[in-house]
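Peer 1: The structure follows.
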Amino acid sequence: MIAYILLIIGGILYTLGDILCLKWLDGIQARGLQYWVMVVAYMSGCLFLIESFKHMHIAVASVIIIVINVILLVVISAIFFNKPITYTQMIGVGFAIVSMFLLK
């Protein structure tokens, strides 16, 4: 159970890093501090992933954190960036979720 909590926190931090990276690359609020917050978010997400390896197989943990990241990015992109979710993306997320259960 602890591994899943670590992976959820790590996935959220990865997603935060992705969003900050997008804004930083687009020049929106492009400041040095934002860059370092992005780096810290990515590194923190990685530390949570590494910690989860103590409780779960490395391949399974890696897939779970990436799936969490992808799901959050699809939802956040739709809500905050007005990017429509395509049928193909929905199917891809569905397959990603199924893959998590198959790897257990």
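The values are calculated or read from the model by the stated rules, or taken from the named source; none is laboratory data. Here the structure is a predicted model, which means the values were calculated and not measured. Don't worry about glycine lacking a Cβ; one is built from the backbone with ideal geometry, like all the others, and counts go over all protein chains shown.
Peer 1: For LEU73, which of the numbered conditions (1) over 13 Å from the mean Cα position of the chain (by Cα); (2) without any contact (Cβ under 8 Å) to a residue 60 or more places away in the chain fails to hold?
Peer 2: (1)
Peer 1: Between a residue in region 42-70 that is within 12 Å of THR15 (Cα to Cα) and touching a residue at least 60 places away in the same chain (Cβ under 8 Å) and any residue that is small (Gly, Ala, Ser) and surrounded by 14 or more Cβ atoms within 10 Å (Cβ to Cβ), which pairs come within a Cβ distance under 8 Å, given they are 6 or more apart or on different chains?
Peer 2: Going by the 8 Å Cβ cut-off, the qualifying pairs are ILE68/GLY10; ILE68/GLY11.
Peer 1: Which condition does LYS54 not pass, out of (1) at pLDDT 90 or above; (2) surrounded by fewer than 13 Cβ atoms within 10 Å (Cβ to Cβ); (3) assigned to a helix (DSSP H, G or I), if it passes all the others?
Peer 2: So LYS54 meets the others, but not (3).
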